[in-house]
Amino acid sequence: MQKNKKQQQQSLQIPRTIIAVGKTLQFFSIKLAAKYAQNLFVTPIKFAPPKREKEMLEKSIINKIVVPSLKKDIIVYQYGTNKTANKTALLIHGWNGRGTQLITVATMLMRQGYNIISFDAPGHGQSPKTKTNMTEFIATAFEVEKQFGPFDLIVGHSLGGMTTINALKDGLKTKRAVIIGSGDVVEDVITDFVQQIELKPVIGNIIKERFEKQFNQTMASYCVHDAVKSLNIPLLIIHDEDDLDVNVKAAYNIKKEAKNAQLMITKGLGHRKILGDKKVIERIMEFVNEE
């Protein structure tokens with residue numbers, strides 16, 4: 001297990017050059033360091049999809065659509081166009097992810113009679129490069145619902161989980177939802193990020209204040225364990241206790257406030273391997289087939 005954790009830490013390691021620049025700026029000016037950190041925080045890194053996602057890329061109908069409220073283009077995947085399927089699922093990836101990342105979940109759901117819709121959020125995957133944030137993930141989910149919905153099921157991973165619950169709170173419709181490795185408190189996400197780039201905690205406070213001023217909303221208004229209180233649909237929360245990106249406490253906090261939720265805690269899978277784990281896929285299958 002220690003080896004597994006070490007490997008996860010190495011795969012998520014921030015380049016030392018990025019950390020060095022931040023520390024140098026911090027030495028001369030806290031404000032400049034905060035601006036630098038905030039820019040990093042809203043700039044996703046694009047990763048080439050691994051071979052296991054090739055099938056979804058090749059077999060999907062791929063469309064470029066515009067999200068009018070953002071004036072940004074995104075890529076939408078229609079994976080499975082079975083005319084006899086009477087259910088549709090929306091899959092929402094996390095930060096630095098892409099619409100094909102949940103391919104194992106998607107393939108299982110197709111076998112259960114679902115057609116699949118997913119998308120590359122602004123700045124992610126094949127969507128044009130841009131800065132972005134969770135509010136844009138939420139706006140994108142609503143536009144995708146408008147053009148490709150309604151949805152019987154929504155599955156969100158990481159930031160996609162936070163997006164799912166906040167969008168449902170704001171009126172997105174579905175009959176069931178699954179969140180995997182979801183964050184909970186946005187301020188915690190910022191705090192963890194500032195720690196990762198080895199800057200002073202005050203930098204996180206400045207970023208928080210700037211975001212709240214920019215969006216004229218408090219960070220607390222996007223808190224998942226508060227948002228989930230308004231939901232009555234069945235919810236499945238899945239999280240790994242060895243997740244080094246999002247602490248497992250987020251899952252327990254969300255479950256505590258949810259009205260109709262089930263919780264699955266795994267071990268040794270971390271933040272990303274959980275998406276392809278056989279037991280996790282089987283648990284999601286059981287959940288979507290419940291009466």
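The values are calculated or read from the model by the stated rules, or taken from the named source; none is laboratory data. Quick caveat: nothing in here was measured; it's all calculated off a predicted structure. We place every Cβ from the backbone using ideal geometry, glycine too, and count neighbours over all the protein chains shown. Note: areas computed on protein heavy atoms with side chains; ligands, DNA, RNA excluded. Shrake-Rupley method; radii C 1.70, N 1.55, O 1.52, S 1.80 Å.
Could you go through the stretch 84-99 in sequence order and give the Karplus-derived ³J(HN,Hα) for each residue, using 6.51 cos²θ - 1.76 cosθ + 1.60 with θ = phi - 60°, rounded to whole Hz, and x for Gly and Pro?
8, 5, 10, 9, 10, 10, 9, 10, 10, 6, x, 4, 6, x, 7, x
Taking Cα centroids, how far is the stretch 63-124 from the stretch 149-228 in Å?
20 Å
Give the separation of the Cα centroids, the stretch 39-62 to the stretch 243-291, in Å.
First find each Cα centre; the distance between them is then 23 Å.
Using θ = phi - 60° and the Karplus curve 6.51 cos²θ - 1.76 cosθ + 1.60, what whole-Hz ³J(HN,Hα) does each residue of the stretch 202-218 get, with Gly and Pro shown as x?
Each residue of the stretch 202-218 in turn: 4, 4, x, 5, 5, 4, 4, 4, 5, 5, 5, 5, 5, 9, 6, 9, 7 Hz.
For the chain, what percent of Cα pairs sit more than 24 Å apart?
50 percent
Any chance you could tell me what percent of the C-alpha pair distances in the stretch 47-173 go past 17 Å? Intermediate results must be reported in sequence, preceding the final value.
Values: 4093 of 8001 pairs.
Considering the stretch 47-173, 51 percent of its Cα-Cα pairs are separated by more than 17 Å.
Using just the helices of the chain, give the 222 nm mean residue ellipticity in deg cm²/dmol: DSSP H runs with n ≥ 4 each add -39,500 (n - 2.57), and the total is spread over all residues, rounded to 500. The partial results should precede the final answer.
Numbers: 12 runs with 126 residues, N = 291.
Value at 222 nm, helices only, nearest 500: -13000 deg cm²/dmol.
Tell me the Kirkwood hydrodynamic radius of the stretch 199-243 in angstroms, computed as one over the mean inverse distance between distinct C-alpha pairs. Could you put the intermediate results ahead of the total?
Values: mean 1/r = 0.0749 Å⁻¹.
Answer for the stretch 199-243: a Kirkwood hydrodynamic radius of 13.4 Å.
For the stretch 29-42, in order, what is each residue's ³J(HN,Hα) by Karplus, 6.51 cos²θ - 1.76 cosθ + 1.60 with θ = phi - 60°, in whole Hz (x at glycine and Pro)?
Values per residue, Gly and Pro as x: 7, 4, 5, 5, 5, 5, 5, 4, 5, 5, 4, 5, 5, 9 Hz.
Can you give me the accessible area per residue for the chain, using a 1.4 Å probe, in Å²?
49 Å²
With a point put 7 Å past each Cα toward its Cβ, work out how far Thr84 is from Asn96 in nm, to one decimal.
Each label point is offset 7 Å from its Cα along the Cβ direction, giving 4.2 nm.
Go through the stretch 182-291 and name the trypsin sites (Lys or Arg not before Pro) that are in a DSSP coil and have 12 or fewer other Cβ atoms within 10 Å of their Cβ.
Lys259, Lys267
Skipping prolines and chain starts, which residues have an amide H placed within reach, meaning under 5 Å, of the one on Ile14, given they are 5 or more residues away or on another chain?
Answer set, sorted by chain and number: none.
So what is Rg over Rh here for the stretch 122-275, counting just Cα atoms and using Kirkwood for Rh?
0.96
Would you grab the residues whose amide H sits under 5 Å from the one on Asp240? Only those 5+ places off in sequence or on another chain, please, with H modelled 1.01 Å from N.
Close amide H contacts, sequence-distant or interchain: Gly181, Thr266.
For Gln262, which sequence-distant residues (separation of 5 or more, or a different chain) have an amide H within less than 5 Å of its own amide H, given hydrogens modelled in the peptide plane?
It is Leu235, Leu236, Ile237, by chain and number.
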